[in-house]
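One structure below.
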Amino acid sequence: KNFQGFSKPKKVDFSKFIIEPDFNFGIVSNEIDLGLSPYVGYKVWKELYLGGGATYFYSGFRNIPFQLSNGSTVYANANWHTFGGGVFAQYNIWKGFFARTRFEVLHRVMDDFYDGNVTVTLNPQSNSYQVNIPKVQATIPACLVGVGYNLLRSKNFFFPILVSYNVLYSVTNK
């Protein structure tokens, strides 16, 4: 056998990576939405990329009105936190157009102010009302299948416009 000694480590070929920054920010009356869901993919064959990422979304609700039995109204705040991650396969079809499948599992912790189980109690010491909103937790899988177009496309960094359908919707929607 021929002795080869130490070989130089292979350099990472960054031209085979795609980076998709996914963020959201929205403000409407008494609500704020913030989120970050970056995904990174690697070219495994021709125009096929496989990758994964993590997700965190926050929704904050302010001044939610609750009607008391005496006709007066009290206001409360509520929050939703969603976090998780997933994997995807993307095939670049032609000049920015692509097809994608993404499987993810998200966990959500919510103040359930839509349910009728919200209670309002009077604190006799401070003579103020306290709103007790029950928390609900759910783990939700999704398998999104769709097509899209890459806006502001460079070779490795882009902002996609994507239309997709959750094929698990009938299973996960109550």
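The values are calculated or read from the model by the stated rules, or taken from the named source; none is laboratory data. As the structure is a computational prediction, the values presented were derived from the model and not from experiment. As a convention, Cβ positions derive from the backbone with ideal geometry for all residues, glycine included, and neighbour counts pool all protein chains shown. Remember, those area values only see protein heavy atoms, side chains included, never the ligands or the DNA or RNA. Shrake-Rupley method; radii C 1.70, N 1.55, O 1.52, S 1.80 Å.
Of everything listed in (1) in contact (Cβ under 8 Å) with a residue 12 or more places away in the chain; (2) among the aliphatic types (A, V, I, L, M); (3) open to solvent by 40 Å² or more (accessible area, probe 1.4 Å), the single unmet condition for residue 118 is (3).
Which one is modelled with the highest pLDDT, of the residues in the range 149-174 that are under 19 Å from residue 47 (Cβ atoms) and of a type in the set (D, E, K, R)? Of everything passing the filter in the range 149-174, 155 is modelled with the highest pLDDT. Count of the range 130-140 residues, restricted to those that are in contact (Cβ under 8 Å) with a residue 40 or more places away in the chain and either assigned to a loop (DSSP other than H, G, I, E, B) or more than 34 Å from the chain's Cα centre (by Cα) (or both), is 1. The residue that is nearest to residue 83 (Cα to Cα), among those in the range 12-27 that are at pLDDT below 80 and open to solvent by 80 Å² or more (accessible area, probe 1.4 Å), is 14. One residue is enough: does the range 133-143 have a residue meeting the conditions closer than 21 Å to residue 48 by Cβ and surrounded by 13 or more Cβ atoms within 10 Å (Cβ to Cβ)? Yes: the range 133-143 contains one or more residues that are closer than 21 Å to residue 48 by Cβ and surrounded by 13 or more Cβ atoms within 10 Å (Cβ to Cβ). Just checking, does the range 40-56 include any residue being in a strand (DSSP E or B) and without any contact (Cβ under 8 Å) to a residue 12 or more places away in the chain? Yes, because at least one residue in the range 40-56 is in a strand (DSSP E or B) and without any contact (Cβ under 8 Å) to a residue 12 or more places away in the chain. The set of residues in the range 28-75 being more than 25 Å from the chain's Cα centre (by Cα) and surrounded by 16 or more Cβ atoms within 10 Å (Cβ to Cβ) consists of 66 alone.
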